[in-house]
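Please treat every number below as a calculation from the coordinates, not as lab data. Treat the numbers as computed from the prediction; the structure is a model and nothing was measured. Please note: Cβ atoms are built from the backbone with ideal geometry, for glycine as well, and neighbour counts cover all protein chains shown.
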Amino acid sequence: MKGLWLYLHFPLLPLEMRSEGRRAPLALLDERGARVRLCNVEAAEQGVQPQMAVATALSLVPELELLTPQPAQEPRYLEGLALWSGRFSARVSLQPPLGLLLEIASMLRYFRGLETLWQELTTQLEQLQLSACIATGQTPLAARLLALDGGFRACDPEQYRARLGQVPTERLGLDERLQSRLRGLGLQRLEQLLALPSAELAHRLGPELTACLDRLTGRLPDPPRYFEPPEVFCGELPLAYEVEQTLALLFPLRRLLAQLEGFLRARHWRALELQLELTQQERNQRLSVGHAAGEQCAEVWLELCRLRFERLTLEQPVIGLRLEATQFRDLERGREDLFSIAPREDTPARLLSRLQTRLGSDALCRLEPCADYRPERGWRRAPLQGRLSSAALQPGARPGWLLEIPQRLPSRQVGSAIELLQGPERIVSGWWDSAPVRRDYYIGRWPDGRRGWLYREAGGDWYLHGWFG
Amino acid sequence: MQTDYAELHCLSNFSFLRGASHPEELVARAAELGYRALALTDECSVAGVVRAWEACREHGLKLIVGAEFRFGDERLVVLAASRRGYARLCALITLGRRRAEKGRYRLDWADIDDLEDCLLLYRPGDDPAQARRRARALGERFAGRFWLLLERLLGAGDAERFALQRGLAEELGIPAVCGNAVLMHHPSRQRLQDVLTAIRCGVPVPDAGYRLEANAERHLRSQQKLQRLYGAELMRETVRIAERCNFELGELRYEYPSELVPPGRSAGDWLAERVRDGERRRFPDGTPEAVRKQIEHELKLIARLRYEHYFLTIEDIVRFARDQGILCQGRGSAANSVVCYCLHITEVDPREVSLLFERFISAERNEPPDIDVDFEHERREEVIQYIYRRYGRERAGLAATVISYRLRSALRDVGKALGLDGAYLAWLTGKLDRRAGRAAWLEQLRELGGEAPAPRFQLLLELVEEILGFPRHLSQHVGGFVISAGPLSELVPVENAAMKDRSLIQWNKDDLESLGLLKVDVLALGMLTAVRKTLALLGERRGEPFRIQDIPREDPAVYEMLSRADSVGVFQVESRAQMNMLPRLRPRCYYDLVIEVAIVRPGPIQGDMVHPYLKRRDGLEAVSYPSDEVRQVLGRTLGVPIFQEQVIKLAMVAAGFTAGEADQLRRAMAAWRRSGSIARYQQKLVAGLRERGYSAEFAARICRQIEGFGEYGFPESHAASFALLVYVSAWLKCHEPAAFCCSLLNSQPMGFYSPSQLVQDAQRHGVTIRPVDLNASDWDCTLEPDGALRLGFRLVKGLARQAAGRLVAQRPAPGFVSLAEAQRSVRLARNDWDALAAAGALNSLSGHRYQARWELLAANPELALGEARVAEPEAAWLDAPDEQSDLEEDYRHLGLSLGRHPLALLRERGMLGGCLRADELEHCRPGQLVRVAGVVTNRQRPGTASGVTFVTLEDESGQVNLIVWRDTARLQRQALLGARLLKVAGVLEREGAVIHVVAGRLSDISDQWRALSLRSRDFH
């Protein structure tokens, strides 16, 4: 039996997963934050292009909104979509970074033909506001190349071969050396390559190329690695903007629920209860939504959530969503088979991360030294994770206790009640930011014997800045 | 106010990216504070001392020459107490510098051995035990001239350290002295100093942390403050030390190498004899009486100024070049002399252009003789190595060029130090019109910041302005050699250049001139290479040597050609601006060429002297002179000052400048960009001219002209030598276009035009050009027996020269019959074969590139292990590339194409609707609306034409000159700057034979080329 494969290429995935359906010009930056990596149609219409320097893009479209990349999140987008696509095929393969491959030959009967499946697929993508290039092919590679080349759907074999032949050889993703060889031979389209005798090609350009062509035509099997969905459903979606109204959460939530539906359909399950966590700046709000009989359909869950949102007040703006489903029921069975999966044991790292989640990520931190002459900037809070910086400690004598706010001293005390022991140490620094200092520091002895660290400002005023132990 | 203090530890911005003040600023501030003396002690360098010395003379301050050396956190300051001490200091710096790569030095304590006649100041580091050991050892070795240097910079633990070190000095019985490790003349430079530190460390300022200074204390401090920190005794010690330093830079005297004069002869005698030798060669029929007299006059002057060695030195170098068959030509005021003609330093025959020779060096003008010698650019290195060989590396060195912060570098470095994004900075830089001059672009930058600039932008503005002109590093001068009698390193330190086997001295040419030291400029000139190669080709064909002297002079056909602006490839007059001038000036004789070369320069253009000159030349304006003296000066240019020399002379005869003042004016002109000190001369000039009855308008124009000369001075004495090369190259182009084009191609890179343009020009002059061919080409381009030009392998991008050499050597006389045979006979690297295929050099064997590559791959050694497959006739599997793909590969891999011009293809397909060809413009009338299209070959925005962009388009019939006015340019910036193919609707303008199109609408049609390929593909 001839296989039939469907490939989905999501060219703007990392941008669209974060645009929350907005219609304003948007651009996603590259990792250095210097160039545009992706931009939406609205931005492209005004001249913004990928690879463009941010400054240039901003000069073209001053209102362009910039999204900083979250590389750690990106693989999850594709996994989420793989869950969602469970409704179209039980055999889905991740094609990172931006593609999904679906085996659909076996599904055509269920959908009563490719036409219906295609219809439903595009409708769903429209609802989720994701752009995709879709193509079908008789081999995984063919489907992939056709999708990358703009998409294609045809059942007529003649048409299919002709279209495949038109695909530029660059789409093969060969290494640069081989690709430039092909260019040098004038072999620009697949049909030219396919017309040449395989042995001659292999002799000149190596077996790698002919193997690739054989995978394309199906002479060589090319089984993909299928995605294995997790045991429980857990989807996360950071929001690019702070959301202050519950109704505005429905759009991003729709995406998570679509994933959930795919997850459930692939397993023939219904979910009984959803846990929704609204991530906020300092702490998170949690809520649960239940369905007594269990439900699969995203639209139903969305409606339930809408109802739940009506009696919810947001304590703070929401910056992310997290959806969990741990209780399921088999689609066919009754209530008595209910089961749940217990949470795993806590590790210290999990404890810390949960403390952080509960108390807010700012609540826990470490201290690290920081190379700045200004004593109040000689240290800083550092996040729990990551290495401490290796900045040297400040030179010279520094008190163990630095006052948060320097305390004004009456000038007449200095030199009389307070005896100056050491100094001055002149610190004139920080002109580059909003807190420049011009101070002469001294170590002084108070009448009760304590030793304090005090300074005189350029204007002549004295301040106490810390105590020595 | 006199302060009993001398600063002995002071760094200028010649301690690159450390010091934050110019030497001149430090001197001025020290004088203002009433210091007794100032020691400039840059880190292992004396690069700034000449500037400091000049400033000191102006302020009446005593300068001490010294240097600082860093050993970990310890510092040693070495001061020169005498000429001999100075020599020892220079030797020490040279030692440290020559051991390390460019810009660095490596010394350790063992190198500090005798340092005779030097005074040493030692500042300990943080380790007290080490300080004690070191102070004791040095104190014993340098007893009587060693001090412990105490510096209070008010950092952490400052007072304690001071007390500790003072105690150490007392304990060891070593005298102590104070200093301030100065990095800036005034504390207000702290910001800049921090920025410099950040740039040096390659991090933004906030990240520089403790590498910054804690405060702004490293400045020249006031008496009061010094008194408070150090007390009178330590201060008095500085004065005592200063009094022991009695070296003055003015003592340095240049001593010429003596070996050029045979023992027992005087230099004057010997020079006279060499001149007599030359006379016999130059004037085989006997020296004319007038020339004889001129020689005597010149020799007398040379003797009086004691320049004999200078002329002998140059004569020696030129003689070497002549013996090697290296073409060379001298220029400069001293070069235009019969003596130089006789010594073969120039080819300018005094009988042809007698009027130039009044300008020979004069005793009144206190200027050093100025002779630059140009050599063939490919062979100049031989000359340089000869100089090193002849005098040794110890005695010959290249002058330095100080690379300073300019707009782009300042913006980039300061911006990065302030933490601004690189892309943003690039954007900012792109926004600035850089030709506009310093004040104007600072203004532009300010405008970009908007009404209320962000604080960081404000900082950027201020700091960029401060850092402009700060030296960044020393680079080698293009060819200025200093040659001395004794070791050079006793005159000035020598350091390594970036280039291997090159060394340079720490002074630049202005410094040398200030000190009256002589240098010899050994420069490279591509045209000399091309001329020599053309002469060789012609000699070969004629069967006897053909020399420059054999070229007929004053050939009317040559001037006719130049007057048509038919000058692609001709020396100096091939640029677009020159091409516009040629038909207007219509040169008829050699001296016209001298003017032609000099007139299209910022000086005459900014002085608005071009039009008056042309009018007078055309007889449209009467030639008149306000006085006889002025007639003397301006007679040869119809009363309009064109040359730099004329303006200086004019200052003397028409504005009452003394000879000395005129000389200062000349130097101020040269240094205008650096110091801006020309303003006061301009005032004096205007006053003087007005007094003597000249119009204010004329005076103002002279002033603008002077500024123009400052931008790019081009004196008559240089133009005269260049004009000779203009004539020679023009004659060759006129009468031997194939040989000339061939030699230009073989001398690349040089000149204004690309090989593609040179080849097209030759084709238009009826030269047949044949492609690069495996079976017919040599490395160089060659002339085939029928006179056609065969392109050489040198044009093939990526082909190794040795590979081509092997190919030619092993090629059978009838050529290879197949590619397989060629591959069997000659072992070349894969890349070399690929390069040949890409350039189309295998097409004669394989038919086309694709097939050639297909065949090459069949014998791929990487894939087919063992024996290559037996060569069998290759089946043609692949279609030939279409015309467009061939063109693209031609341009990419060869840089030119012998196929049809891309524009012809577009035109044929009807993609240039309504555009005229370049050669059709001749038949259009002025004011007519025209459309043209072409490949953009040149975009220029000359500083002399405000706001205008000149664009040159090339199509299949020739060049179209576009003028794009500022407003048009601004509105259509994208198309103007981005397009490779440009379509333009505009108005035709015509001035005599010169045709321009004034651009209206510009369209970028670069995409048409791609569209062409799509369309043609659809035909398949």
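Could you sort A:94-100, B:126-132 so that the peptide with the highest average Cβ count within 10 Å comes first and the rest follow in order? Each step should come with its number before you reach the end.
Values: A:94-100: 18.1, B:126-132: 13.0.
Going by the mean number of other Cβ atoms within 10 Å, highest first, we get A:94-100, B:126-132.
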Across peptide B:416-429, what mean number of C-beta atoms from other chains lies inside 10 Å of a residue's C-beta?
3
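In deg cm²/dmol and to the nearest 500, what is the mean residue ellipticity at 222 nm of chain A if only DSSP H runs of at least 4 residues count, each as -39500 (n - 2.57), divided by the residue total?
Values: 15 runs with 142 residues, N = 469.
Taking each H run of at least 4 residues, the total per residue is -8500 deg cm²/dmol.
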Förster-model FRET efficiency, 56 Å R0, residue A:116 and residue A:286, C-beta, rounded to 0.05
0.90
The residues B:403, B:769, sorted from fewest to most surrounding Cβ atoms within 10 Å, come out as B:403, B:769
Radius of gyration and maximum dimension Dmax of segment B:383-426, Cα, Å
19.6, 52
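Using the number of other C-beta atoms within 10 angstrom as an exposure proxy, rank B:551, B:326 with the fewest first. Present the calculation step by step, with values, prior to reporting the outcome.
Details: B:551 17, B:326 20.
With the fewest neighbours first, B:551, B:326 line up as B:551, B:326.
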Under a point-charge model restricted to the Cβ atoms of Lys and Arg (+1) and Asp and Glu (-1), what is the dipole moment magnitude of segment B:1-100 relative to its Cα centre, in debye to the nearest 20?
560 debye
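Taking every DSSP beta bridge with both residues inside segment A:399-467, roughly what % is antiparallel (nearest 5)? Walk me through the numbers before you get to the answer.
Details: 25 of 26 bridges.
Once the DSSP bridges in segment A:399-467 are tallied, antiparallel ones form about 95 percent.
Write down Rg/Rh for the protein assembly as shown, rounded to two decimals, with Rg from the C-alpha atoms and Rh from the Kirkwood relation over Cα pairs.
My calculation puts Rg/Rh at 1.02.
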Please report how far the C-alpha centroid of segment B:246-277 lies from that of segment B:52-107, rounded to the nearest whole angstrom.
29 Å
Take every DSSP beta bridge with both residues inside the protein assembly as shown and express the antiparallel ones as a percent of the total, to the nearest 5.
80 percent
For peptide A:426-436, how many partner chain Cβ atoms fall within 10 Å of a residue's Cβ, on average?
6
Using square roots of five times the C-alpha gyration tensor eigenvalues, list the equivalent-ellipsoid semi-axes of chain A in whole Å, biggest first.
58, 32, 20
Given C-alpha coordinates of segment A:399-467, what is the ratio Rg to Rh with the Kirkwood estimate of Rh?
0.97
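Among the listed pairs B:431/B:983; B:431/B:500; B:102/B:533; B:431/B:684; B:615/B:983, which have their C-alpha atoms separated by more than 32 angstrom in this model? Please report the intermediate quantities before stating the final value.
Details: B:431/B:983 24 Å; B:431/B:500 38 Å; B:102/B:533 36 Å; B:431/B:684 38 Å; B:615/B:983 36 Å.
The pairs that break the limit, which is 32 Å between Cα atoms, are B:431/B:500; B:102/B:533; B:431/B:684; B:615/B:983.
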Inter-site label distance for residue B:159 and residue A:448 at 7 Å from Cα along Cβ, in nm
2.5 nm
Using the alpha-carbon centroid of each, what span in Å lies between segment A:395-457 and segment B:285-334?
75 Å
Rounded to whole Å, give me the distance from the Cα center of segment B:781-849 to that of segment B:444-472.
56 Å
Using DSSP to define loop residues, name the trypsin sites (Lys or Arg not before Pro) in segment A:73-129 whose beta-carbon has at most 12 other beta-carbon atoms within 10 Å.
A:112
Over all distinct alpha-carbon pairs, what is the Kirkwood Rh of chain B in angstrom?
32.9 Å
Where does the Debye-calculated log10 I(q)/I(0) of segment B:103-238 sit at q = 0.10, 0.15, 0.20 Å⁻¹, using only Cα point scatterers of equal weight, no solvent?
-0.41, -0.90, -1.26
Applying 1/(1 + (r/R0)^6) with R0 = 22 Å to the Cβ-Cβ distance of residue A:380 and residue A:431, what FRET efficiency is obtained, to the nearest 0.05?
0.65
Long-range tail of P(r) for segment B:165-211 (Cα pairs > 12 Å, %)
69 percent
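Determine the gain in length on full extension of the stretch residue B:991-residue B:697; use 0.36 nm per residue of separation and subtract their C-alpha separation, reporting nm with one decimal. Present the calculation step by step, with values, prior to reporting the outcome.
Numbers: separation 294, 0.36 × 294 = 105.84 nm, distance 2.71 nm.
Taking residue B:991 through residue B:697 to full extension adds about 103.1 nm, to one decimal.
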How far apart, in nanometres, would the label points at residue B:431 and residue B:615 be if each is projected 7 angstrom from Cα along the Cα-to-Cβ direction?
4.2 nm
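May I ask you to sort B:801, B:236 by Cβ crowding, counting other Cβ atoms within 10 Å and putting the fewest first? Don't skip to the answer; put the middle values down first.
On the way: B:801 10, B:236 13.
Sorted ascending by nearby Cβ count, the order is B:801, B:236.
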Using only Cα atoms, tell me the angle between helix A:298-310 and the longest principal axis of chain A; keep it within 0 to 90° and round to the nearest 10.
30 degrees
Under 5 Å from the placed amide H of residue A:239, counting only residues 5+ away or on other chains, we find A:320, A:321
Which whole number gives the average count of other chain Cβ atoms within 10 Å of the Cβ atoms across peptide B:849-859?
4
Label-point separation in nm, residue B:553 to residue B:109, each point 7 Å along Cα→Cβ:
7.1 nm
